Amino acid sequence: MSREELPSDLHWMQLQVEALCRHDEAGRLVAWNGPPGEDPGAPLFFLGRTAHGSLWRFHRDLPDELVCELGRLAAAEAGGGDLEKDPDRLGAIRDRIELQLGATRIWRGPAFRFPAQLPDLGSVEWLEGSELEELEASFPALEGSTAGREPCAVVRDGGAIASACYATTCPAAGAGLEAGVDTRPEQRGRGLAARVVAAWAGEVRRREMLPLYSSSWDNRASRAVARKLGLALFGSDLHFRNAEGARPFG
């Protein structure tokens, strides 16, 4: 069986959390591997739900008592159901975290895998090494964080990069690799994001890794790309962080 034929959605979620988060030897979260511009600190708590069960992870500095309580609440969540709906015990989980650590903010979103056959939506250009710095001119949020984002597929308009898809994590053979996508505002609605994402996913497979794609539930444009490419929903993940202005943790 190939890595593309993982036995369950829960196995795909395992790939997802390994791609998004760096772990210590005990399996605790130590850093976030999200797209450039996102908070690189590890979430306080991560919960990934699928039709075949759930998995959860904790910040390495959470006290053991809180870890046990959050683990009990997460384990009580039933698998399956409508993954777009909040977990039944989301309120209890949030209350327990905030009681000890202060106000939090929650991120929620779908996680997708790519179909076996990827569409050819047109040619792209590939950036490697120092060429990746060119992304910063079109997408200032990437400034200083483009190194190691290969593979990186781009489409140009008039010489400038109009849309790009790149790795949000440093590649490792056999691992899952998360897509990061940016399109200049004036270039949106032309199908460029789907074009670079499809090409990127094919290149990731050629390098013997597994492409992953995630979004937030309220990001309609990103979810439209997933629909256009026929991506399959395998789960929904959420994570907690300290709210802006709350006392820092970790």
Applying the selection to region 124-154, what residues are in a loop (DSSP other than H, G, I, E, B) and either closer than 19 Å to LEU192 by Cα or in contact with a strand residue (DSSP E or B) (Cβ under 7 Å, 6 or more places away or on another chain) (or both)? VAL124, PHE139, ARG149, GLU150, PRO151
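Of all residues in region 95-123, which are of a type in the set (D, E, K, R), part of a helix (DSSP H, G or I) and surrounded by fewer than 17 Cβ atoms within 10 Å (Cβ to Cβ)? Working first, answer last.
The first filter runs over region 95-123 and keeps only residues of a type in the set (D, E, K, R), leaving 95-96, 98, 105, 108, 113, 120.
From what's left, part of a helix (DSSP H, G or I): 95-96, 98.
Residues satisfying the conditions are ASP95, GLU98.
What do you reckon, is LEU73 of a type in the set (A, V, I, L, M), out of contact with any Leu (no Cβ under 8 Å at 6 or more places or on another chain) and outside the structural domain of THR168 (by TED's automatic domain parsing)? Before you say what the answer is, go through the steps one by one.
Working: of a type in the set (A, V, I, L, M): yes; out of contact with any Leu (no Cβ under 8 Å at 6 or more places or on another chain): yes; outside the structural domain of THR168 (by TED's automatic domain parsing): yes.
It is true that LEU73 is of a type in the set (A, V, I, L, M), out of contact with any Leu (no Cβ under 8 Å at 6 or more places or on another chain) and outside the structural domain of THR168 (by TED's automatic domain parsing).
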Would you be able to say whether some residue in region 155-170 is modelled with pLDDT under 95, among the charged types (D, E, K, R) and either surrounded by fewer than 23 Cβ atoms within 10 Å (Cβ to Cβ) or assigned to a loop (DSSP other than H, G, I, E, B) (or both)? no
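Quickly run through region 50-90 and pick out the residues that are part of a loop (DSSP other than H, G, I, E, B) and of a type in the set (D, E, K, R).
Of everything in region 50-90, those that are part of a loop (DSSP other than H, G, I, E, B) and of a type in the set (D, E, K, R) turn out to be ARG60, ASP61, GLU77, ASP82, GLU84, LYS85, ASP86, ASP88, ARG89.
From the set of residues in region 22-49 that are without any contact (Cβ under 8 Å) to a residue 12 or more places away in the chain and assigned to a loop (DSSP other than H, G, I, E, B), which is nearest to ARG60 (Cα to Cα)? Don't jump to the end; show me each part of the working.
Looking only at region 22-49, we keep the residues that are without any contact (Cβ under 8 Å) to a residue 12 or more places away in the chain, and these are 25, 31, 38, 40.
When the remaining residues are screened for being assigned to a loop (DSSP other than H, G, I, E, B), the result is 25, 38, 40.
Numbers: GLU25: 10, GLU38: 19, PRO40: 14 Å.
Once the filter is applied, the top-ranked residue is GLU25.
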Can you tell me how many residues in region 214-231 are closer than 16 Å to PRO119 by Cα and either of a type in the set (Phe, Trp, Tyr) or part of a loop (DSSP other than H, G, I, E, B) (or both)? 2
Among the residues of region 78-89, is any in contact (Cβ under 8 Å) with a residue 60 or more places away in the chain, touching a strand residue (DSSP E or B) at 6+ places or on another chain (Cβ under 7 Å) and crowded, with 17+ Cβ neighbours inside 10 Å? yes
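The values are calculated or read from the model by the stated rules, or taken from the named source; none is laboratory data. On a predicted model such as this, the values are computed, not experimentally measured, just so you know. Virtual Cβ from ideal backbone geometry, glycine too; neighbours counted across all protein chains shown.
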